[in-house]
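S.K.: My structure is below; once you've seen it, I'll send some questions.
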Amino acid sequence: MGENINTQPIESETSPIGEQQIKEARQRFKRYKDSKADLNKRLKENEKFWKMKHLEGKGDGESHRPTGWLLNAIHSKHADMMDGFPEPSIRAQEEGDVKEAKILSEIVPVILRASGFKQAYDEVCSDKICKGTGVYGVYWDPTKKFGKGDISIENVNLLNLYFEPEVKDIQKSREVFLLEERDTEQLISMYPDKLKGKQLSVSETDFERYENDESVEHTDKCVVFDWYYKKWQNGREVLHYCKFVEDVVLYASENDTERPQAPRFDPVTSEPLLDEFGQPIMEEIDRSIAEKGWYEDGNFPFVFDVMFRVEGSPCGYGYIDLFGGTQKNIDDVKHALRKVANIYANPKWFYNKSSGINLQDLTNSDKQFVPVEGALDIKQFEPPQMPETVFQFLMNEIEELKEVTGNRDVNNGSTSSGVTAASGIAALQESAGKLSRHNLTNTYDRIGSLTYMVIERVRQFYNADRQFRIVGTDGREQFLHYTNANIKPQSLGNDFGNDFGYRLPQFDIIVTAAKATGYSKLSQNEFAIQLYTVGAFNPQNADVVLPMLQLMDFDDKDKVIQNVQKNATLFKQNQMLAQMALGLAKKYDPVMVNQIMMMLQGQRGTPTMQGNVDTEITKTNADGSLDGGEHAVVEKARAQSQQSTQPR
């Protein structure tokens, strides 16, 4: 969708961006489009392959149908990426920003959910796997929240995204063009002063589309350009933005020179100051957009997530690019085998016309006797046998495709070569999950960049108070009020006339899997029960349990250690209080002595950590309920299969 604009600044004849600048930008756009022609062609072919229409027009039509081996591998990789759905956590780089980082860690996931991130993640992952590159767009949408505005995250159509050729990082490009097809009438109603009376149409030389199953008319559409460019301004690089259609400027940030103003208040009475006419005295409170730039972080609002990198481009290759040839080989051999099978299923016969055989009588299964005139002369055609090497070639191609895509049988829940031991299955699953972990690790890096863009949008636009519903550490809902006041540039003050400038709070982004799958719940529940069984939560064992926990590596380890330490402290305090109570009872109330002694013996009788503990304990389902199903070792192997696709 791109940027939504609800501001239309009045342009003058001396505005920096006008018709001439648009014409020059369109000339550069055409060069970028020509340089991207091969990439766009490959994207269209990959989309056709994904729809399993790459064999259309080849062979004898219906019998030449593709198989789904590569499609199955793509589905498997996409499922792994959805299982590892990311969850960002924010850490402060300086001690003074720790509180703000904790608040951001709570509200950023809420912002991501409201911004459409999950759908964008799903679509970008699909584009990444199939086409080699998925692109996120991180925008500020002023039309959201009833005009209050909010962040919007979308999957960007790479087919109509153009940038400077031979740049490896999109942020190093001079400028970026994003094209969008819009309804002409709607656009004119949005910008009546600029477009009324204009004849707008779709330029087929500008806009590109994937092949559609439906016949769609585009006569009532027009192409809108979102043009982002960087400019050196006041000693720094500033990002500017322009929206135009044909040669008409709809909005340009460089033309937006109006500075925001607010009433001036009396420092003593806090009342607004008035001029001689009784009107509030206004003062400028910020720089104009022309001075600050469109997004103050200075970056294009695009994040590229690449599957297999290539030199000299921010885009990469996908599974279809690298492994589509093997899939085509499988399809060709399957087509040949299907033709032979059809010949055997519908055998051909040679017959002598002079024999007078009635072919309809011969092929009629209800007619037992067929009369013949003259000598009988008929013979079945014997087609040539398909060599065994053809079948072997087909199986080898299928095995090659599964191997190179990392979509082995063990990933899909089955094994070959007689592997039945749970430990052996787990080892195979762990090995097979390496590719998925690698893909997810790269994706998490890009999600980190996306999260920082979200923080930058918060820093720039969250000026008004907003309320967020979060879940507290005790599991109860909490409502948090937030503004960007504490993450905006902060003055370092001045001393003896020296201005020390500003500091900008910076944060580190840590992205992990959300751990929302059934297998991960099962694994965590079973691990907690194991800790309980060996006495890890018994406060009497704290001295030996704490060193053990510190050597282990599992989720929320810090919380477990804190709880064990807390329980141990409470236990020692209770023991001290009980001893004091026992001493007082012996002196003042002998009747209470026996009761206190029984209480102390009950505490000492609590099960303690032992050397030989039966760890084959009762298992739990994904929802936490008990399940007396299969052996725990097999359950662990299953859980390890799930965990093997998630980065550590």
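S.K.: Given labels modelled 7 Å from the Cα in the Cβ direction, how far is it in nm from Arg31 to Gln562?
M.R.: Placing both labels 7 Å along Cα→Cβ, they lie 5.7 nm apart.
S.K.: What length, rounded to one decimal in nm, is gained on full extension from Gln575 through to Glu284, with 0.36 nm per residue of separation minus their alpha-carbon distance?
M.R.: Values: separation 291, 0.36 × 291 = 104.76 nm, distance 6.66 nm.
Roughly 98.1 nm would be gained on extension.
S.K.: I would also like to ask the following. Pull out the extension gain between Glu94 and Lys367, defined as 0.36 nm times the separation in residues minus the alpha carbon to alpha carbon distance; nm, one decimal. Intermediate results must be reported in sequence, preceding the final value.
M.R.: Details: separation 273, 0.36 × 273 = 98.28 nm, distance 9.41 nm.
Gain on extension, Glu94 to Lys367, equals 88.9 nm.
S.K.: Here is a further query. Compute the FRET efficiency between Asn358 and Gln385 as 1/(1 + (r/R0)^6), taking r as their Cβ-Cβ distance and R0 = 35 Å, and round to the nearest 0.05.
M.R.: 0.65
S.K.: Right, something else. Under 13 Å Cα-Cα from Lys488, which aspartates and glutamates qualify once same-chain neighbours fewer than 8 residues away are excluded?
M.R.: List returned: Asp97, Glu100, Asp286, Glu296, Asp297, Glu456.
S.K.: Rounded if a/c is under 1.5, else prolate if a/b beats b/c, else oblate: with a ≥ b ≥ c from the C-alpha gyration tensor eigenvalues square-rooted, which is segment 160-268?
M.R.: oblate
S.K.: Another question, if that's okay. If the limit is 18 Å between Cα atoms, which of Lys145/Lys230; Lys23/Lys221; Lys48/Lys131; Lys36/Lys328; Lys328/Lys402 go over it?
M.R.: On the way: Lys145/Lys230 30 Å; Lys23/Lys221 21 Å; Lys48/Lys131 11 Å; Lys36/Lys328 26 Å; Lys328/Lys402 14 Å.
Correct reply: Lys145/Lys230; Lys23/Lys221; Lys36/Lys328.
S.K.: Okay, moving on. When a/c is below 1.5 the answer is rounded, else prolate if a/b is larger than b/c, else oblate, so apply that to segment 14-128 with a ≥ b ≥ c taken from the square roots of the Cα gyration tensor eigenvalues. Write down the numbers at each step before the final one.
M.R.: Details: a/c = 3.78, a/b = 1.26, b/c = 3.00.
Oblate, because a/c is 1.5 or more while a/b does not exceed b/c.
S.K.: Pop a pseudo-label 7 angstrom from the Cα along the beta-carbon direction at both Thr483 and Ala262 and give the gap in nm to one decimal.
M.R.: That separation, rounded to one decimal, is 0.6 nm.
S.K.: Here's something else I'd like to know. Report the one residue of Asn160, Val108, Tyr136 whose Cα lies farthest in the direction of the positive end of the charge dipole of segment 107-199 (charges on C-beta: Lys and Arg +1, Asp and Glu -1; origin at the Cα centre).
M.R.: After comparing all options, I get Val108.
None of the figures in this text is laboratory data; all of them are computed from the coordinates on show. Keep in mind that this is a model prediction, so the values were computed, not measured. With ideal geometry, Cβ positions are generated from the backbone for all residues, glycine too; neighbour counts draw on all protein chains shown.
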